[in-house]
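Following: one structure in structure tokens, then a few remarks.
What follows draws every value from the coordinates through simple rules; no lab data is involved. Keep in mind that this is a model prediction, so the values were computed, not measured. Note: ideal-geometry Cβ built from the backbone for every residue, glycine included; neighbour counts use all protein chains shown.
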Amino acid sequence: MAKRRTFVFIAGGVMSGVGKGVASASLGAILKARGLKVTAVKIDPYINVDAGTMNPVEHGEVFVTRDGDETDQDIGNYERFLDEDILKVNYMTTGRVYLSVIQRERALGYGGKTVEVVPHVPQEVIGRIQAAAKHHDADVTIIEIGGTVGEYQNVLFLEAARMMQIATPEDVLVGLVSYFPVPSAIGEMKTKPTQYAVRTLNSAGIRPDFIIGRSTHPIDEPRKQKMAIQCSVHPEDIFSAPDVRSVYSVPQVMEKEGLGVQVVKKLKLRADKPDLRYWKKLVASIEHSQKPVRIGIVGKYAASGDFNLSDAYISVIESVKHAAWSIGRKPEIVWIDAGDLENGKRKVEGIKQLRKLDGILVPGGFGSRGVEGKIFAAQYAREHKIPYLGLCYGMQLACVEFARHVLHHKGANTTEIDPTTTHPVIHLMNEQEEKMKNKSYGGSMRLGAYLCRLKAGSLARKLYGESAIEERHRHRYEFNSDYRKAFEEKGMMISGESPDGTLAEIIELKKHPFFMGTQAHPEFLSRPFKPHPLFLGFIKAAIRK
């Protein structure tokens, strides 16, 4: 007998960024705490085939899966909350779906039928959802539909949800995460925006089975009763999700509200009593961490107009938090625009910021903007003995800095920035040259998990506690091995390398409290209950400083 599989769609109302990803991940966490096998799928409504070519300021972080897919940042939320790897099969975009339909039509996969937007595109979406559920052998698959209801881009994904609900109504639920504003000039929570969102969802042929109300305040009983009347949703199916200090409090909030009980009841699932001990312990450690550790993140994706955005580095931020909380410290993130470290008065002010830090972190990135500022940050950390952690580009630019100021190779650079540099300390990987000539940018980098050997006696080996590890990558450029001997003679150890010894994966400075760079993205493997070893070592060194 085939295993029964159930599905919960999560749509958004009123505005983007309302918290669908955290809500979906939290629902997954409280269902998993009941002994159910859970996985999560993200649908992005973009024509882009994947998230790799999107601007991080507009779209947020590009999260790389173990099997090398460039995905939306919510996949990272799922991994952190479910403590499981989420794979390529769990992610789709409009572009990816249409591409599959067109390719199948070209191969006569539809047997000569007229291929239409409906039903063939929603059917492709449904097939992908079911494939993810089967791959993970999930009891419950949570499907987050990106954007908000009412957007033209979402129509076909809502149609897929409607078709699944009609086919097996006992196996499919649809939830709406919507915003309930409390205008300061009025001082009253307003339900009308969510009423409109529900009616828009109704116009797609869907009545939500439950509503998660996001707001600055809890939703009171009068508001729930009003929503029940206006939206044909039972009061007990309207759940309050007020702002909290940490997203890791949300599973407990959702459990207290009764979301897990209702979902299990509606889907008629056999489940255990929820075990949220680890979540309670984590939240307690967050609340009790008072003594600060100040970490400066030097990047270029932090600003959009007059607003600072953190989504471009969300996994980095969470990794710092995981490590700090695990040792009872309160993480204080200081945003430093790399451009502020490049020249003039801004550089003077930038240096003042660096002086106040316990640790300096330079994350990944691409392009020339802010590069000299990042190089200066690495130099400042090296010369002033401030703990430094460089991720991907942060490692590469630390190597450029070392070549310039320790090896005295004036003009040393990465060929990404200066193709004609006389000292190409960082250069294009061999297998990337043909791809660049053909302008094959999408999904063509060195992506996904790769093995790395750690050198005996190195700090990296000590932190990981293993001789070989696996980390996720996303890059086209690498350390030029022609400079390896010179680097090591001057005290920069190549402490991690590819199994064949050709690629430098981790560098560390010997005579320094903590100066490390990794070509990988360890932030993708950090979990709230299991901080990543490199971040943990970095934070401990920052505390010692």
request  = Averaged over every viewing direction, what's the projected area of the C-alpha convex hull for region 6-281? Give it in nm², one decimal, please.
outcome  = 15.1 nm²
key: Considering only the chain, percent of DSSP beta bridges that pair antiparallel, nearest 5   = 35 percent
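Go through 236-242, 165-171 and give me the packing order, highest mean Cβ count within 10 Å leading. The partial results should precede the final answer.
On the way: 236-242: 20.4, 165-171: 12.6.
Ranked by mean Cβ neighbours within 10 Å, highest first: 236-242, 165-171.
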message = Please compute, for the alpha-carbon atoms of region 290-544, the extent along each of the three principal axes and give them in descending order in Å.
response = 51, 45, 37
task = Within region 284-298, find all residues whose amide N lies under 16 Å from a label point positioned 7 Å from the Cα of Arg346 along Cα-to-beta-carbon.
result = 298
query = If Lys and Arg each add +1 and Asp and Glu each add -1, what is the summed charge of the other residues whose beta carbon sits under 12 Å from the beta carbon of Ser444?
reply = +1
inquiry  = How tilted is helix 371-383 with respect to the longest principal axis of the chain? Cα atoms for both, answer in degrees (0 to 90, nearest 10).
reply    = 60 degrees
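Is it possible to state the helix-based mean residue ellipticity at 222 nm for the chain, with each DSSP H run of 4+ residues giving -39500 (n - 2.57), the sum divided by total residues, to the nearest 500 deg cm²/dmol? What is it? Before the final figure, lay out the partial values.
Values: 19 runs with 204 residues, N = 545.
Result for the chain, helices only: -11000 deg cm²/dmol.
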task = Could you work out how far helix 20-32 tilts from the main Cα principal axis of the chain, as a 0 to 90 degree angle to the nearest 10?
result = 80 degrees
message = Students often check this: by mean Cβ neighbours within 10 Å, which of 109-119, 389-399, 442-452, 368-378 ranks highest, and how do the rest follow?
response = 389-399, 368-378, 442-452, 109-119
query = Taking 0.36 nm per residue of separation and subtracting the Cα-Cα distance, what length does fully extending Val244 through Ser481 add?
reply = 80.5 nm
ask   = Could you give the angle, 0 to 90 degrees to the nearest 10, between helix 192-203's Cα long axis and the longest principal axis of the Cα atoms of the chain?
value = 70 degrees
message = What does the net charge come to around Val140 if you take all other residues with beta carbon closer than 11 Å to its beta carbon, with K and R at +1 and D and E at -1?
response = +3
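For a 18 Å ceiling on Cα separation, which of these pairs sit above it: Lys256/Lys330; Lys37/Lys265; Lys281/Lys330; Lys300/Lys347; Lys190/Lys224; Lys374/Lys545?
Working: Lys256/Lys330 26 Å; Lys37/Lys265 16 Å; Lys281/Lys330 16 Å; Lys300/Lys347 15 Å; Lys190/Lys224 11 Å; Lys374/Lys545 21 Å.
Beyond 18 Å: Lys256/Lys330; Lys374/Lys545.
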ask   = For Ala167 and Ala131 in the same chain, what is the full-extension length gain: residue separation times 0.36 nm, less their Cα-Cα distance, in nm?
value = 11.3 nm
request  = Within the set of other residues whose C-beta is less than 12 Å from the C-beta of Glu401, count the net charge using Lys and Arg as +1 and Asp and Glu as -1.
outcome  = +1
query = Nearest-5 percent of antiparallel DSSP beta bridges in region 290-544?
reply = 55 percent
query = What number, in percent, do you get for the relative contact order of the chain if the mean sequence gap of Cα pairs under 8 Å and at least 6 apart is divided by its residue count?
reply = 15 percent
ask   = From largest to smallest, what semi-axes in whole angstrom does the chain give when each is the square root of 5 times an eigenvalue of its alpha carbon gyration tensor?
value = 43, 27, 21
ask   = Once a ≥ b ≥ c are taken as the square roots of the eigenvalues of the Cα gyration tensor of region 444-545, is the result rounded (a/c under 1.5), prolate (a/b larger than b/c) or oblate (a/b not larger than b/c)?
value = oblate
Overall Cα dimensions of region 6-74 - principal axes, largest extent first, Å = 38, 34, 18
query = Restricting the count to DSSP beta bridges whose residues both fall in region 6-281, what percent are antiparallel, rounded to a multiple of 5?
reply = 5 percent
message = I'd like to know how region 1-120 sits against the 2.2 N^0.38 Å rule of thumb: what's its Cα Rg over that expected value?
response = 1.21
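Region 413-484: percent of C-alpha pairs farther apart than 18 Å? The partial results should precede the final answer.
Values: 1385 of 2556 pairs.
Everything past 18 Å amounts to 54 percent.
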